Amino acid sequence: SAKKAGRGQYRFFDQSLNVSDVEEFHLEQAFVEALRNREFVLHYQPQVCLETMEIIGYEALVRWQHPGFGLLYPDRFIPVAEKTGFVVALGMEVVRLACAQISDWKQKHGTSKPVAVNVSPIQLAQPQFCKDVLSTVSEYGLTTDLLELEITETAMLEGRAVESLHCLKAAGIRLSLDDFGTGYAGFAHLEAVPVDKLKIDRSLINRISNSHDDSPIVSSTIILAKRMALKVVAEGVETREQLVHLKVAGCDIAQGYHLGRPMPAEKIPEFLRTFAEEEARA
Ligand code: C2E
Ligand code: MG
Ligand code: MG
Ligand code: MG
């Protein structure tokens, strides 16, 4: 059991996940404690405009700086946080951290690039979600155009979630459909939700190889998205070839290791210097 494994040695760090009630109780405690100890941190990954090669914003990705296990990635704890309902509290912590960062950038530079935050379907189904996000944004003295929310296709199936989306959208929060191409919903659902951007999943971008093998799925997704007046973001861009292909295909924005890895905010100034130099050489 989780208890036998010793303090901090929770079974949820196994890949095979089967959380019992007892373990759920311990997990809930561990999560609450981690939140109190401010162990959740955000890393920021730049998003680049393909026309100008300028950084137009950042996606915030949560990590758990665990005192015993080191830096834990979201795939290890988000599924459990969703199962236990903790993702609701965690999600608001993520919104607060992102708002604090934006506010810090505004103080330092007079302005800030928008930050995109990932949202779980469980958060969207909360009746007070929209209200909570909007009051956090205003507590930090920010305008709603600086925060963006990334949602997944599955999130759109719930009626309450659609209400949350309309409320957020009406307040000026931009919405982006994440991991597009991995679900089964497709374009039919796009008309029902007020999204501004579509993020083509990494698995589709992967298919763009260095041979002149163009990916018909990627190029037709870009065309369709544009017909629906959506901005298109390519996720997981790892090579120059992919970047060139995407630019030719009319993709608006790119994100991926080729352009910049997710990093703590304090690493960004150094990253920006190198990025500008590489641009100058290119
Ligand atoms: P996502 O939102 O689709 O985020 C993109 C993931 O791909 C991130 O993984 C990012 O580090 C990774 N990535 C970016 N560029 C590349 C690339 O060029 N190659 C490869 N191989 N990977 C790349 P990460 O940070 O481990 O996050 C995984 C997922 O966890 C996210 O997928 C998102 O669904 C979820 N997540 C992250 N932060 C949060 C959060 O605050 N709340 C919730 N509910 N979910 C989150
Ligand atoms: Mg995302
Ligand atoms: Mg994604
Ligand atoms: Mg994902």
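Could you give the angle, 0 to 90 degrees to the nearest 10, between helix 21-36's Cα long axis and the longest principal axis of the Cα atoms of the chain?
In the chain, helix 21-36 runs at an angle near 70 degrees to the longest axis.
Which part of region 20-57 falls in the paramagnetic zone of residue 270, meaning amide N under 15 Å from the point 7 Å along Cα-to-beta-carbon?
44
Taking only Cα atoms, what is the 0 to 90° angle, nearest 10, from helix 74-84's long axis to the longest principal axis of the chain?
Result, in degrees: 50.
As a test, work out the antiparallel percent of DSSP beta bridges whose residues both lie in the chain, rounded to the nearest 5.
40 percent
Can you tell me which lysines have their Cα less than 30 Å from the Cα of residue 247? Leave out same-chain residues fewer than eight positions away.
113, 169, 197, 199, 226, 231, 267
Would you mind calculating the gained length between residue 207 and residue 89 on full extension (0.36 nm times residue separation, minus the Cα-Cα distance), in nm to one decimal?
Difference between extended and current length: 38.8 nm.
Based on Cα coordinates alone, diagonalise the gyration tensor for region 129-233, multiply each eigenvalue by 5, take square roots, and list the semi-axes in whole Å, largest first.
That gives 29, 15, 11 Å for the three semi-axes.
Taking the Cβ of each residue in 105, 64 as the centre, tally the other Cβ atoms inside 10 Å and list the residues starting with the fewest.
Exposure proxy ranking, most exposed first: 105, 64.
Using only Cα atoms, tell me the angle between helix 159-170 and the longest principal axis of the chain; keep it within 0 to 90° and round to the nearest 10.
With both axes taken from Cα atoms, the answer is about 60 degrees.
Run the numbers on the chain and let me know its relative contact order in percent, using alpha-carbon pairs under 8 Å that are six or more apart.
Relative CO of the chain lands at 16 percent.
With just the Cα atoms of region 199-278, tell me how far they stretch along each of the three principal axes, in Å, largest first.
38, 30, 21
Over the Cα atoms of the chain, Rg to Rh with Kirkwood Rh, two decimal places?
Value, to two decimals: 0.97.
Among 167, 99, what is the fewest-to-most ranking by other Cβ atoms within 10 Å?
Sorted ascending by nearby Cβ count, the order is 167, 99.
Calculate I(q)/I(0) for region 75-123 by the Debye formula, one identical point scatterer on each C-alpha and no solvent, and give its log10 at q = 0.13 Å⁻¹ to two decimals.
-0.38
Have a look at 67, 251, 205 and report the one farthest towards the positive end of the charge dipole of the chain, computed about the Cα centre with Cβ charges (Lys/Arg +1, Asp/Glu -1).
67
How much length, in nm to one decimal, is gained on full extension between residue 188 and residue 69, taken as 0.36 nm per residue of separation minus their Cα-Cα distance?
38.6 nm
For residue 49 paired with residue 162, estimate the spin-label separation in nm (one decimal), with each label point 7 Å from Cα along the Cα-to-Cβ line.
Inter-label distance under the simple model: 3.4 nm.
Rounded to whole Å, give me the distance from the Cα center of region 171-205 to that of region 100-157.
17 Å
Stretched out fully, how many nm does the piece from residue 241 to residue 56 gain, at 0.36 nm a residue minus the Cα gap?
Here the answer is 64.5 nm.
Okay, helix-only estimate at 222 nm for the chain: each DSSP H run of n ≥ 4 adds -39500 (n - 2.57), divide by all residues, round to 500 deg cm²/dmol; what do you get?
-13000 deg cm²/dmol
Fewest Cβ neighbours within 10 Å first, please rank 58, 257 accordingly.
Going from least to most buried by this count: 257, 58.
Lone cysteines in the chain, going by a 4.7 Å Cβ-Cβ cut-off?
49, 99, 251
With a Förster radius of 41 Å, plug the Cβ-Cβ distance of residue 248 and residue 35 into 1/(1 + (r/R0)^6) and report the FRET value to the nearest 0.05.
After rounding to 0.05, the efficiency reads 0.35.
Using the 2.2 N^0.38 Å rule of thumb for compact globular proteins, work out how region 17-96 stacks up: its C-alpha Rg over that value, please.
Relative to the 2.2 N^0.38 Å estimate, region 17-96 comes out at 1.32.
Just so you know, all these numbers are worked out from the coordinates, no wet-lab data involved. What you are looking at is a predicted structure, and each value in this text was computed from that prediction instead of being measured. Don't worry about glycine lacking a Cβ; one is built from the backbone with ideal geometry, like all the others, and counts go over all protein chains shown.
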